[in-house]
1. Once you mark the GluC sites (Glu not before Pro) that are in a DSSP loop and have at most 11 other Cβ atoms within 10 Å, what is the longest gap between them in the chain?
2. Report which label in (i) 12.3, 36; (ii) 11.9, 40; (iii) 11.5, 35 holds the value of Rg and Dmax of the Cα atoms in Å derived from the coordinates of this structure.
3. Is there a quick way to get the dipole size of the chain? I mean about its Cα centre, with the Cβ of Lys and Arg at +1 and of Asp and Glu at -1; what is the value in debye to the nearest 20?
4. Once both axes come from the Cα atoms, what is the angle between helix 57-75 and the longest principal axis of the chain, in degrees from 0 to 90, rounded to 10?
5. GNM, the chain, Cα, under 10 Å: largest mean-square fluctuation among Tyr36, Tyr13, Tyr22?
6. What does the helix-only formula give at 222 nm for the chain: each DSSP H stretch with n ≥ 4 adding -39500 (n - 2.57), the total divided by the residues, and the result rounded to the nearest 500 deg cm²/dmol?
7. How high is the relative contact order of the chain, given as a whole-number percent (alpha carbon pairs under 8 Å, six or more residues apart)?
8. Lys/Arg Cβ at +1, Asp/Glu Cβ at -1, dipole of the chain taken about the Cα centre: which of His17, Leu63, Tyr34 is farthest positive-ward?
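Read the figures in this text as sums done on the coordinates, not as results from a lab. Just so it is clear, the structure is predicted and the values come from calculations on it, not from any experiment. With ideal geometry, Cβ positions are generated from the backbone for all residues, glycine too; neighbour counts draw on all protein chains shown.
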Amino acid sequence: MIIYKVLYGDTLYSIDHNFRTYPEELVKINNIVYPYQLFEGKELIIPNATLSRELNSKDQSLLNDLATLYYRLQRFP
């Protein structure tokens, strides 16, 4: 599991595509209600991102930054 900060223009479907999850999972876990609007800066739990070991807070922060960077690079090649 990781925490992802929503970027401007993100949708449930774009996030689910990049992290290979399902929009229904994101809605349920993050208590997102219809009309399923996301706001820049909102933190979402991405449920299926598993790690082989527990991370300390510094490692978790780095992982979140890398995931955000990766996602941005996918959106703006």
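1. Details: sites that count: Glu40, Glu54.
Between exposed loop sites, the widest span is 1-39.
2. Here the calculated entry is (i).
3. Values: 8 positive and 9 negative charges, 24 e Å.
Using only the charged Cβ atoms, the result is roughly 120 debye.
4. Relative to the chain, helix 57-75 is tipped by roughly 50 degrees.
5. Tyr36
6. -13500 deg cm²/dmol
7. On the way: 76 pairs, mean separation 34.0, N = 77.
It rounds to 44 percent for the chain.
8. Leu63
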